[in-house]
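I have placed the structure first, in the form of structure tokens, so that the comments after it can refer back to it.
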Amino acid sequence: MIASSFHASQLETATARTRRGSHAPALSAIRWELVLWLFALILLIFRPVHADTISVKSAIVKPNEEALVVDVEFEFHLTAPLEAALLRGTSLYFVFESEVTRQRSFWFDDSLETQPSVRRLTYVPLTSSYRVDAGGTVSGGASYVSLDEALRQIRSVRGRPLVERKALRAGSRYEVALRLRLDTTQLPKPLQVNTLVSREWTLASDWYRVVVTP
């Protein structure tokens, strides 16, 4: 009788230990999940707000015989860290983006395909000048004596076609959204980390929206 009770007690103890051991991996996974969620929350809190680092001074969207074209003027200046990086040889890529959407009352809006425009800003130490290249390449560019002159070419978008005129329906309402931003994915990897903790490494405008009826 005593032996049976002893063996039963040992069996219960072993079973309890087994159950605790089976929960260990699950508890470890939960802890790791909590750590990942906490890390994501920290990044979200400290991630810079892009709005208003670039503003829109003026924008005109109108159709001509061939396309829907835009003239837009942005306003911004490089932050001290971005200018320092530029002078040390880092190229800065600015992307002009647009969205054209035909508004429909009783159905989903119809989005028309548009293409972004890229301009690359570089500093040339040999001539102490600044260069702006269209399309992110070394072709179709020009050099400027001062940084402000170079930035003026990036701030201004003139006569850019958004969509072909034949893709537009006469009498329909189209919402056109425009914005300019610094493409931080083109920065060197060590500098990309800075964009997570400091707004001085990011430049972007809010979407500027206007409605046109061709």
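The values are calculated or read from the model by the stated rules, or taken from the named source; none is laboratory data. The structure displayed is predicted, hence computed values, not measured ones. Cβ placement follows ideal geometry from the backbone for every residue including glycine, while neighbour counts extend to all protein chains displayed.
Overview of values
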| read-out | value |
| --- | --- |
| Pair list, Cβ under 7 Å, 6 or more apart: the range 182-208 residue in a loop (DSSP other than H, G, I, E, B), other residue among the hydroxyl-bearing types (Ser, Thr, Tyr) | Asp183/Tyr93; Leu187/Thr90; Pro188/Thr90; Thr202/Thr53; Thr202/Thr184; Thr202/Thr195; Leu203/Thr53 |
| Unmet requirement for Phe108, which otherwise passes all of (1) aromatic (Phe, Trp, Tyr); (2) in a loop (DSSP other than H, G, I, E, B); (3) farther than 28 Å from Lys62 by Cβ | (3) |
| Any hit, the range 63-86, residues being at pLDDT below 95, exposed (fewer than 10 other Cβ atoms within 10 Å of the Cβ) and not acidic (Asp, Glu) | no |
